[in-house]
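Structure, as structure tokens:
We did not get these values from a lab; they are worked out from the coordinates using the rules stated. None of these values were measured; they are calculated from a predicted model. As a convention, Cβ positions derive from the backbone with ideal geometry for all residues, glycine included, and neighbour counts pool all protein chains shown.
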Amino acid sequence: MNLLHPASWHDYELLDSGNFEKLERFGKYILIRPEPQAIWERALPDQEWKRLAHAHFSREQNDKFRFTDDVKGGWKKLKEIPESWQVTYQYNQLNLTFRLALTGFGHVGIFPEQGENWNFIYDTVQRWKLNKPRVLNLFAYTGAASVVAKSAGADVTHVDASRPGLNWANQNMVLNNQDNIRWVYEDAFKFVKREVKRGNKYNGIIMDPPPYGRGPEGEKWTLQEQLNELVKFSRELLVDKQSFFILSMYAVGLSATVGRNVVLSHFTPSETEFGEFYLHSKQGKDLPMGTFVRFRNF
Ligand SMILES: C[S@@+](CC[C@H](N)C(=O)[O-])C[C@H]1O[C@@H](n2cnc3c(N)ncnc32)[C@H](O)[C@@H]1O
């Protein structure tokens, strides 16, 4: 079991957490957002949180303990903050820019803990030295992992069921002077089954499934009911050598061992890494941010 945190960030920082909220810096802007797991005391006084923050997303009161990422609530601006802004991410030769904005769900367009997976994707694809390895990103949201894989030289297929999400991902591609990411607006499970039928193969598969979701035609996604089958079908898509697989899970409360058991039901990699991501805070407490299972074959 590994406890990993994204150590390459300069433009992101967890400043503090506690009393069901977290205080974070994204580039020049500091935000207060809900955090149902932060049941402990804050390191910094409440006045300091208010003094620092540019915007505060508060949950509806009866939603306080709900262990999910998509919450009801709203943003209150405490200082000047633009509609959207950018942050950069550097790791070895990787030098990326992402667009951020305050969304209605309290998201801002990236999940900073995923930086750990971005480094893994970049290192793996770079090391293969293949001509255009194929990477499939499922539930791909605003496309940070797609842009990382593209930077490393991969041919990327990005699947998501949200039009605004795809549009945002396209903006991230353009911001990084890239082109030709293949955008697929489809239910992730349906797409995977279709790819199996078509006999297509990939060198890398990334999946970050939400606990619940809907495909464009209302297809229902429930992680606990469908993840095992999705991973089973994905097995058919992944080549044996020079390949990688990443499963991340957040906001479900399932142990990393659950993800590992699912993945090892269908794959027999020589080495598997699994565990928990967390965000490190200099003055506050470290914050757990979901689990991962991943492997690579050289
Ligand atoms: C919050 S995200 C994953 C985060 C992302 N991997 C990242 O780190 O930036 C979950 C995504 O799954 C998408 N989604 C939900 N249900 C889906 C479905 N049935 N098929 C495809 N995508 C779906 C949502 O539109 C959303 O973009």
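Given Lys201/Lys232; Lys22/Lys76; Lys193/Lys220; Lys129/Lys232; Lys150/Lys282; Lys28/Lys50, which pairs have Cα atoms separated by over 26 Å?
Lys129/Lys232; Lys150/Lys282
Shown is the FRET efficiency for Lys190 and Glu271, computed with R0 = 35 Å from the Cβ-Cβ distance and rounded to the nearest 0.05: 0.65.
If a/c stays under 1.5 just call it rounded; otherwise compare a/b with b/c (prolate if a/b is bigger, oblate if not). Do that for the stretch 86-297, with a ≥ b ≥ c from the square roots of the Cα gyration tensor eigenvalues. It is rounded, given that a/c, with a ≥ b ≥ c, falls under 1.5.
Expressed to the nearest 5 percent, the antiparallel share of DSSP beta bridges inside the chain is 65 percent.
Per-residue Cβ neighbour counts within 10 Å put Ile121, Ile246, Ile81, Ile30 in the sequence Ile81, Ile30, Ile246, Ile121, beginning with the fewest. Helices in the chain, meaning DSSP H runs of at least 4 residues, each add -39500 (n - 2.57). Divided by all residues, the mean residue ellipticity at 222 nm is -8000 deg cm²/dmol.
Angle check, please: helix 223-237 long axis (alpha carbons) against the longest principal axis of the chain (alpha carbons), in degrees 0 to 90, nearest 10. Between helix and principal axis, roughly 40 degrees. Here the relative contact order of the chain, from alpha carbon pairs under 8 Å that lie six or more residues apart, stands at 17 percent. Each Lys and Arg Cβ is given +1 and each Asp and Glu Cβ -1; about its Cα centre, the chain then shows a dipole of about 560 debye.
Here the gap between Leu264 and Thr97, fully extended at 0.36 nm per residue and compared with their Cα-Cα distance, gives a gain of 56.6 nm.
Once the Cβ-Cβ distance of Leu130 and Gln224 is raised to the sixth power relative to R0 = 35 Å, the FRET efficiency obtained is 0.50. Looking at the square roots a ≥ b ≥ c of the eigenvalues of the Cα gyration tensor of the stretch 101-197, which shape do they give, rounded for a/c under 1.5, prolate if a/b is larger than b/c, or oblate? Because a/c hits 1.5 or more and a/b fails to exceed b/c, the stretch 101-197 counts as oblate.
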